[in-house]
Amino acid sequence: MNDKYASLIHTVQHNSHIADARHAGNFTLCVYLLKMREFYRWEQNIDYQKELTNDDVGDWLVQREGLWDDVEDEAFKSLVIDGVDYDPFDSEAINAILHDKKLVYSAGLGNQCRPHFFIAQLEQKIQQDDYTILISNKEYARDIASPPAMQQGNTIYIRRESLRQILWEKVDEWRWIRTDSPLGRSIGYYDFDSNIETALDDMLNAEMKMVIAHEIGEVMAGKEWGEPWQDMLASLPRSKAEIMLRAIRDHYADAVSTLPALIKLGNPASIHFYFANMTAMRKELAPTLMEAYDVWHSEGSLYQLDALIPRLLEHWQSLANNLLKLHLGQEKNIEAGIESLVNKSYF
C-alpha cells in the first residue's frame, strides 16, 4: 500500500483495536479463539494451506490482549485525509474522497451496537436503482469480527476477503467431523483435498452472488418496513423476540431476492450452502422451507422450492405488518406479545 495512506490505515486499525477491546469478550470462548487464530493469519499474511498451531498464535494473542487493555478506554480517532479531519463514522464523506483512490471505507454498528471498521481496496462499484453496492478485495485494516456484508442506508458493502475467511472457517470446522450435512454436501463440490486456495476461490465466487442477492433483499425489506421496524427492534433488549424479528427480516429478504436467485442459477453447491447457513430460529419459523430442501436433495427437483417463494413472501410480509401493529398498540410486555404472535405464525 502506498506510504501516503499508511497513517490513515494505522488510524483505522487503531479504531478497530478499540472496538475489539470493548466487544471481543461477547464471543463464546471457542468462537473467540477461532476468530483470533484467523485474525492472526490475516495479519501475518499466511495462506490457508498452512495449519496454525497454538505455539504460532499464543505469544501474539497475549500481546494483542495487552494492547486491548491499553486502548479500551480511548475515544475513536478522527481520520485525516489530505489534511482534513473526518469523523470516523462519516463513511459517506470519507468514501467520497477515497473512491477516486480505489479505496473503500466503512464504519458502522452491528449487533448489540458493536462498531465495525475496515478500509480496503475497492474492486467494484455497482449502481442499481437507488442503492450502491461496493465490493472490496484486499483489506488493509479491520476488526476481528469482520462481517462479510453490511448495509448502511442505501449503500451495501460486500467484503470478498472477509467472506473468504468466513468460508474457510466453515470448511475447516467441517473437515474435523465430515458429517453428511448441507454444509458437507456443498463442500463436496469443491476440491479442497488437492488445493485449498483454488477451491476456496471457487467457493467464494459462487457465494458472492448469494451474499449480494441477500443484501439487495435487505434493502428491499428496509424500503417496505422502514423506520418503524428498526424502532421496534431497537426497543427490545437481547431476547428471543429480537432474534425472531431478525430471522423474519432475513426470511423476507431471501424470499424477495436470494431464493429467486438460487432457483435461477440452479447451482447445487450454493443451494446446499444456503440451507447449511440457516439459523436454528429460521429453521424453526419455516419448517415447510426445510421440507422443500429435503425434497430437492432426495429427488433433484426445484419445483416445490420455487412454488413456495410467492407464499413465503406473502407470509413474511403479513407477519411483519401484524408485528408492527402490535408494537404500535402495545406498550407493556411487548416481548411476550411478539413471541406469542410469531409462535402462532410458523410457515
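Listed conditions (1) closer than 18 Å to Gln165 by Cβ; (2) touching a strand residue (DSSP E or B) at 6+ places or on another chain (Cβ under 7 Å); (3) not hydrophobic (A, V, I, L, M, F, W, C) are all met by Tyr40, apart from (2). Looking at Ser318, is it in a helix (DSSP H, G or I) and out of contact with any Lys or Arg (no Cβ under 6 Å at 6 or more places or on another chain)? Yes: the conditions hold for Ser318.
Selection of region 321-335 for residues being over 21 Å from Ala255 (Cα atoms), in a helix (DSSP H, G or I) and without any contact (Cβ under 8 Å) to a residue 24 or more places away in the chain yields Lys325, Leu326, Gly329. Checking Ala261, Ala241 one by one, the residue that is part of a helix (DSSP H, G or I), farther than 22 Å from Met203 by Cα and in contact with a helix residue (DSSP H, G or I) (Cβ under 9 Å, 6 or more places away or on another chain) is Ala241 and no other.
Just one of (1) basic (Lys, Arg); (2) over 16 Å from the mean Cα position of the chain (by Cα); (3) more than 29 Å from Gly188 (Cα to Cα) fails for Arg142. It is (2). Scanning region 158-206 for residues that are over 21 Å from Glu43 (Cβ atoms) and within 12 Å of the chain's Cα centre (by Cα) yields a single hit, Ile158.
For (1) assigned by TED's automatic domain parsing to the domain that holds Thr28; (2) in contact with a Phe, Trp or Tyr (Cβ under 7 Å, 6 or more places away or on another chain); (3) at pLDDT below 85, each residue gets a yes or a no:
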site: Leu109; (1), (2), (3): yes, no, yes
site: Asp129; (1), (2), (3): yes, no, yes
site: Thr132; (1), (2), (3): yes, no, no
site: Leu167; (1), (2), (3): no, no, no
site: Asp172; (1), (2), (3): no, no, no
site: Pro182; (1), (2), (3): no, yes, no
site: Ser186; (1), (2), (3): no, yes, no
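Here Ala96 does not qualify as out of contact with any strand residue (DSSP E or B) (no Cβ under 7 Å at 6 or more places or on another chain) and not in a helix (DSSP H, G or I).
Among residues that are among the small types (Gly, Ala, Ser) and closer than 14 Å to Leu8 by Cβ, Gly83 is included. Against the condition outside the structural domain of Gly110 (by TED's automatic domain parsing) and touching a strand residue (DSSP E or B) at 6+ places or on another chain (Cβ under 8 Å), how does Glu207 come out, does it pass? The answer is no for Glu207. Looking at region 45-59, is at least one residue among the hydrophobic types (A, V, I, L, M, F, W, C), out of contact with any helix residue (DSSP H, G or I) (no Cβ under 7 Å at 6 or more places or on another chain) and either part of a helix (DSSP H, G or I) or not assigned by TED's automatic domain parsing to the domain that holds Asp143 (or both)? Within region 45-59, not a single residue is among the hydrophobic types (A, V, I, L, M, F, W, C), out of contact with any helix residue (DSSP H, G or I) (no Cβ under 7 Å at 6 or more places or on another chain) and either part of a helix (DSSP H, G or I) or not assigned by TED's automatic domain parsing to the domain that holds Asp143 (or both).
The values are calculated or read from the model by the stated rules, or taken from the named source; none is laboratory data. What you see is a predicted model, and the numbers here were worked out from it, not measured in a lab. When we count neighbours, we look across all protein chains shown, and the Cβ atoms used for this are built from the backbone with ideal geometry, even at glycine.
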